[in-house]
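Q: Mind having a look at this structure? Questions to follow.
The values are calculated or read from the model by the stated rules, or taken from the named source; none is laboratory data. All of these numbers come straight from a predicted model, not from anything done at the bench. A quick note on method: Cβ atoms are made from the backbone with ideal geometry, for glycine too, and the neighbour counts reach across all protein chains shown.
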Amino acid sequence: MGSQAVPEQLSGVIGSAEPWVVREIGLPDGATATRQSESVFALANGHIGLRGNVEEPYPDGMPGTYLNSLFEERDLTYPEAGYAFPQRTQTVVNAPNGKPVALFVGAEPFDLRTGTLRRHERVLDLRAGTLTREVEWTSPSGVDVWLRTVRLVSFQRPSVAVMRYSVRADAELRVESDLVVNEELPGARDDPRASAVIPRPFRAVSHNRDVLVHRTGRSGIEVASAVVHAGADGKVDVGPDRIRWSAAGRGELGFDKLVAYAWNAVDCEATAVRERDAAATAGFDVLAAEQREYLDDFWSTADVELDGDPEVQQGVRFGMFHVLQAGAQAGPHPIAAKGLTGNGYDGHTLWDTEAFVLPVLTYTHPACAGLALRWRHSTLDAARERARELGLAGASFPWRTITGPECSGYWPAGTAALHVNGDIAAAVLRYHAASGDDDFMRTAGREMVTETARMWQDLVFADDSGTAHIAGVTGPDEYSALMDDNIYTNLVAQQNLRAAALDDEPVELALPVDRSRGVHQQAEGFTRLPEWDYEGEQYPLMLHHPYLNLYRKQVVKQADLVLAMMVYGESFTLDEKRRNFAYYEARTVRDSSLSAPVQAVLAAETGHLSLAHDYLAEAALLDLRGGGESGGDGLHIAACAGSWIALVMGFGGLRDEGGRLSFTPRLPAHLPRLCFHLRWRESVLRVTVTPVDVTYEVTGDPITFRHYGKEVTVAADQAFSVGIEPEQDRPAPPSPRPPKRRAHS
């Protein structure tokens, strides 16, 4: 029999919103949908990442096994090079892959493109930390086959991934289970956000029947992968780039496959073998129990409950799960923009980490935030060297990197986006205030705050009137480059300088205002630029227009001044926020996944509650519902964090300026209840919001915070409840690209 089409009802879709699982029914249709699905169903633990590929060969997928900070170097070339242009970049590589299992039913390969697919379902369990796949298939010759796999990437054992595989059919069954290196990958997409593809990045060092040792060609990173199969007798064939375990049986066949990795270790092979053997001795059931225990502890303070919107409820939990998978740490490691779910952005860490991901982890899993900041500190020497190349004092952290050197070759949006240094300093200050980790501040935090402040001190200058300025920088909006007095940059620099206290006099940087329009300028002169014509526009604009056009008009890629109002709200009055928000809504196109969460927060604060809900939904469902740009290259981890930000900072009204917690909660009438937790020092604060009141409860030491500007102290085992005045839902201001409207009742 030849190939048969998959029934329409089995064309892969995410099932209806369920509170604690993400369910895919059927097979994704085509390469784009398949790769999006592989990102959604990726498993990771901050060290190892496995894309959600099916086990058997499948042509539409993008194989992906990633080890944090395992990369190859490649040269950057320029048509016209310039002084201090980075000469090399770093690109994440596909690590040795232990996922593949080929199944043969009699003489026929198990291939979902042939025969009849009766059922195909995958379930990502957000509490168990597992991916379960169940398949019912009839082979071309008419044999019925039932297949079940369960994957787990261990949070408790960071070197270990394991899969339980079971199949039954009234036939002879044979499996070939591989650990394979240097897989062939699909070619790179023509998209600046996509990764380069490095063919055959590894050179074999040694191999035996259960361990492969390889080394990258230029970066020289050694990696060992050790595999073991349990539960069935088999034979092993081994070569430099592959270990193949084969087993056969009739009627039923099952086994557990465990892979352990070691890289950047003193003795990689011995380390991988030791971790593999310890996990194998424990066994799959123990690893699964450990996983559930870890996640139970995480969810006890990280969960956000939202009544009245099952989709967003699922989306925010999905987002938090992937934030944890990206940020879980057993030692200082970077958190990449795509986490370990794909190779987008070459696996680089950007400012997203400190500005979006670490605030969430600081209040939900502070140990992860502290280790991520210690990783930043480990790159401080590279940042000092970069500052020297740029002719600056102190340290200048990179726009894009894996281990510390600047990896961005496009300097107007990279090198000139110096706000990343203030973002890092702000993350340090926030983490210290929330955790009370004085040891971190003494050994790492203070040095980062001081060195970045020295850089700002070198950049700030005063005009003839004595007003302080920073010239020629790029703010968060990458469609406006090399501007003077970008307000967000000035505010992060001002906070950084004041925290470092390098001068006796506090710096007051300019915050430009267009008095004729009654709004702040995103940067000096922005509101005097020509307007953009949005009629019939295609998005993202950067793929359809030269940057020359984008840079010279009033078009905003992502929240910039609006982000400044969220993070540094005390610098603006509520009336200024309302006028600014409306003005920049009409010019913001959200060509970045970082924008919707921020717009949700300011929409809530300025009274546009239904609009805030729409932006919240966009952030929470960006990757989960498949509409995210470049999601096939990996999830948008900052947008995953953004759903928490939109809920907790938007409807929950959380702010944390100057190390002081404050809340101005507001919830639209169509959402009955919002409940979230914050970790603060040795305590946990539980906040429950309804449209008409809010209740604060504390476990641990008393917590002092501001509620609508009034100071409140809540002690353990007390509940402070207070009514809040329902807010009128203001109409949404005009926008060139409004979020998809949803029914609000």
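Q: Being among the hydroxyl-bearing types (Ser, Thr, Tyr), at pLDDT 95 or above and within 15 Å of residue 479 (Cα to Cα) is true for just one of 551, 568. Which residue is that?
A: Values: 568 fails: within 15 Å of residue 479 (Cα to Cα).
The match here is 551.
Q: Is it fair to say residue 21 is in the same structural domain as residue 179 (by TED's automatic domain parsing), surrounded by fewer than 22 Cβ atoms within 10 Å (Cβ to Cβ) and at pLDDT 95 or above?
A: On the way: in the same structural domain as residue 179 (by TED's automatic domain parsing): yes; surrounded by fewer than 22 Cβ atoms within 10 Å (Cβ to Cβ): yes; at pLDDT 95 or above: yes.
Answer is yes for this residue.
Q: Turning to a different aspect of this structure: Could you tell me which residue of the stretch 110-160 is nearest to residue 333 (Cα to Cα), considering only residues that are in contact with a Lys or Arg (Cβ under 9 Å, 6 or more places away or on another chain) and outside any strand (DSSP E or B)?
A: 159
Q: Can residue 538 be described as within 31 Å of the chain's Cα centre (by Cα), buried (at least 19 other Cβ atoms within 10 Å of the Cβ) and part of a loop (DSSP other than H, G, I, E, B)? Full working, then the answer.
A: Values: within 31 Å of the chain's Cα centre (by Cα): yes; buried (at least 19 other Cβ atoms within 10 Å of the Cβ): no; part of a loop (DSSP other than H, G, I, E, B): yes.
Considered against the rule, which asks whether it is within 31 Å of the chain's Cα centre (by Cα), buried (at least 19 other Cβ atoms within 10 Å of the Cβ) and part of a loop (DSSP other than H, G, I, E, B), residue 538 comes out as no.
Q: Hey, any hits in the stretch 359-368 for a residue that's of a type in the set (A, V, I, L, M, F, W, C) and surrounded by fewer than 24 Cβ atoms within 10 Å (Cβ to Cβ)? Step through it out loud before you land on a result.
A: Of the stretch 359-368, the ones of a type in the set (A, V, I, L, M, F, W, C) are 360-361, 367-368.
Those still in the list that are surrounded by fewer than 24 Cβ atoms within 10 Å (Cβ to Cβ) too: 367.
Yes: one or more hits.
Q: Here are 128, 169: which of them is closer than 28 Å to residue 290 by Cα, in contact with a strand residue (DSSP E or B) (Cβ under 9 Å, 6 or more places away or on another chain) and crowded, with 18+ Cβ neighbours inside 10 Å? I'd like the intermediate steps shown before the answer.
A: Values: 169 fails: closer than 28 Å to residue 290 by Cα.
Testing whether each residue is closer than 28 Å to residue 290 by Cα, in contact with a strand residue (DSSP E or B) (Cβ under 9 Å, 6 or more places away or on another chain) and crowded, with 18+ Cβ neighbours inside 10 Å leaves just 128.
Q: Could you grab me the full set of residues in the stretch 671-682 that are closer than 23 Å to residue 317 by Cα and assigned to a loop (DSSP other than H, G, I, E, B)?
A: To start, the set of residues in the stretch 671-682 that are closer than 23 Å to residue 317 by Cα comprises 671-680.
Within the stretch 671-682, 671, 672 qualify.
Q: Out of 383, 355, I need the residue that is among the hydrophobic types (A, V, I, L, M, F, W, C), buried (at least 24 other Cβ atoms within 10 Å of the Cβ) and under 20 Å from residue 320 (Cβ atoms). Which one?
A: On the way: 383 fails: under 20 Å from residue 320 (Cβ atoms).
That would be 355, the only listed residue that is among the hydrophobic types (A, V, I, L, M, F, W, C), buried (at least 24 other Cβ atoms within 10 Å of the Cβ) and under 20 Å from residue 320 (Cβ atoms).
Q: Additional query: Mind checking whether some residue in the stretch 378-386 is assigned to a loop (DSSP other than H, G, I, E, B), β-branched (Val, Ile, Thr) and either more than 18 Å from residue 68 (Cα to Cα) or touching an Asp or Glu at 6+ places or on another chain (Cβ under 7 Å) (or both)?
A: First pass over the stretch 378-386, keeping only residues assigned to a loop (DSSP other than H, G, I, E, B): 379.
With the extra rule that they be β-branched (Val, Ile, Thr), the set shrinks to 379.
Pick out the ones that are also either more than 18 Å from residue 68 (Cα to Cα) or touching an Asp or Glu at 6+ places or on another chain (Cβ under 7 Å) (or both) and you get none.
Within the stretch 378-386, none of the residues are assigned to a loop (DSSP other than H, G, I, E, B), β-branched (Val, Ile, Thr) and either more than 18 Å from residue 68 (Cα to Cα) or touching an Asp or Glu at 6+ places or on another chain (Cβ under 7 Å) (or both).
Q: To continue, here is another question. Mind checking which pairs have a first residue in the stretch 436-456 that is over 12 Å from residue 425 (Cα atoms) and a second that is surrounded by fewer than 19 Cβ atoms within 10 Å (Cβ to Cβ) and among the charged types (D, E, K, R), Cβ under 8 Å, 6 or more apart or different chains?
A: 436/681; 436/682; 440/374
Q: Give 265, 260, 280 a once-over and let me know the one that is of a type in the set (A, V, I, L, M) and under 20 Å from residue 166 (Cα atoms). Working first, answer last.
A: On the way: 265 fails: under 20 Å from residue 166 (Cα atoms); 260 fails: under 20 Å from residue 166 (Cα atoms).
None of the other options fit; the residue is 280.
Q: Since residue 209 meets every condition but one in (1) surrounded by fewer than 17 Cβ atoms within 10 Å (Cβ to Cβ); (2) within 32 Å of the chain's Cα centre (by Cα); (3) at pLDDT below 95, which condition does it not meet?
A: (2)
Q: So which of 269, 252 ends up being within 30 Å of residue 405 (Cα to Cα), among the acidic types (Asp, Glu) and either assigned to a loop (DSSP other than H, G, I, E, B) or at pLDDT 95 or above (or both)? Give the derivation first.
A: On the way: 252 fails: within 30 Å of residue 405 (Cα to Cα).
The conditions single out 269.
Q: Let me confirm something: among 471, 500, which residue is small (Gly, Ala, Ser), modelled with pLDDT of 95 or more and under 24 Å from residue 408 (Cβ atoms)? Spell out the reasoning first.
A: On the way: 500 fails: under 24 Å from residue 408 (Cβ atoms).
Going through 471, 500 in turn, just one is small (Gly, Ala, Ser), modelled with pLDDT of 95 or more and under 24 Å from residue 408 (Cβ atoms): 471.
Q: Additional query: Taking residue 148, is it basic (Lys, Arg), over 24 Å from the mean Cα position of the chain (by Cα) and at pLDDT 95 or above?
A: Against the criterion (basic (Lys, Arg), over 24 Å from the mean Cα position of the chain (by Cα) and at pLDDT 95 or above), residue 148 qualifies.
Q: Then there is this: Give the number of residues within the stretch 507-535 that are at pLDDT below 95 and either among the aliphatic types (A, V, I, L, M) or not in a loop (DSSP other than H, G, I, E, B) (or both).
A: Residues meeting the conditions: 1.
Q: Of all residues in the stretch 683-696, how many are over 27 Å from the mean Cα position of the chain (by Cα) and either surrounded by fewer than 20 Cβ atoms within 10 Å (Cβ to Cβ) or in a loop (DSSP other than H, G, I, E, B) (or both)?
A: Total meeting the criteria: 5.
Q: Does the stretch 626-637 include one or more residues that are part of a helix (DSSP H, G or I) and among the polar types (S, T, N, Q)? Talk me through it step by step, then tell me what you get.
A: Our first condition is that a residue be part of a helix (DSSP H, G or I); within the stretch 626-637, this holds for 631-633, 637.
Of the ones still in play, those that are also among the polar types (S, T, N, Q) are none.
Within the stretch 626-637, not a single residue is part of a helix (DSSP H, G or I) and among the polar types (S, T, N, Q).
Q: Next up: If residue 702 meets every condition in (1) under 29 Å from residue 309 (Cβ atoms); (2) modelled with pLDDT of 95 or more apart from one, which number is that one?
A: Among (1) under 29 Å from residue 309 (Cβ atoms); (2) modelled with pLDDT of 95 or more, residue 702 violates only (1).
Q: Going by the conditions given, is residue 456 in a loop (DSSP other than H, G, I, E, B) and touching a Gly at 6+ places or on another chain (Cβ under 9 Å)?
A: On the way: in a loop (DSSP other than H, G, I, E, B): no; touching a Gly at 6+ places or on another chain (Cβ under 9 Å): yes.
So residue 456 fails the test.
Q: Take residue 616 and decide whether it is in contact with a Ser or Thr (Cβ under 8 Å, 6 or more places away or on another chain), buried (at least 24 other Cβ atoms within 10 Å of the Cβ) and over 26 Å from residue 348 (Cβ atoms). Spell out the reasoning first.
A: Details: in contact with a Ser or Thr (Cβ under 8 Å, 6 or more places away or on another chain): yes; buried (at least 24 other Cβ atoms within 10 Å of the Cβ): yes; over 26 Å from residue 348 (Cβ atoms): yes.
Taking the combined requirement at face value, the residue satisfies it.
Q: Ok, one more. Keeping to the stretch 697-745, report how many residues are free of Cβ contacts under 8 Å to residues at least 24 places away in the same chain, within 22 Å of residue 610 (Cβ to Cβ) and within 34 Å of the chain's Cα centre (by Cα).
A: Summing the residues that are free of Cβ contacts under 8 Å to residues at least 24 places away in the same chain, within 22 Å of residue 610 (Cβ to Cβ) and within 34 Å of the chain's Cα centre (by Cα) in the stretch 697-745 gives 1.
Q: Any chance the stretch 347-357 includes a residue that's at positive phi, outside any loop (DSSP other than H, G, I, E, B) and either modelled with pLDDT of 95 or more or in contact with a helix residue (DSSP H, G or I) (Cβ under 7 Å, 6 or more places away or on another chain) (or both)?
A: Looking only at the stretch 347-357, we keep the residues that are at positive phi, and these are 347.
Now restrict to residues that are outside any loop (DSSP other than H, G, I, E, B): 347.
Restricting the remaining residues to those that are either modelled with pLDDT of 95 or more or in contact with a helix residue (DSSP H, G or I) (Cβ under 7 Å, 6 or more places away or on another chain) (or both) gives 347.
Yes, because at least one residue in the stretch 347-357 is at positive phi, outside any loop (DSSP other than H, G, I, E, B) and either modelled with pLDDT of 95 or more or in contact with a helix residue (DSSP H, G or I) (Cβ under 7 Å, 6 or more places away or on another chain) (or both).
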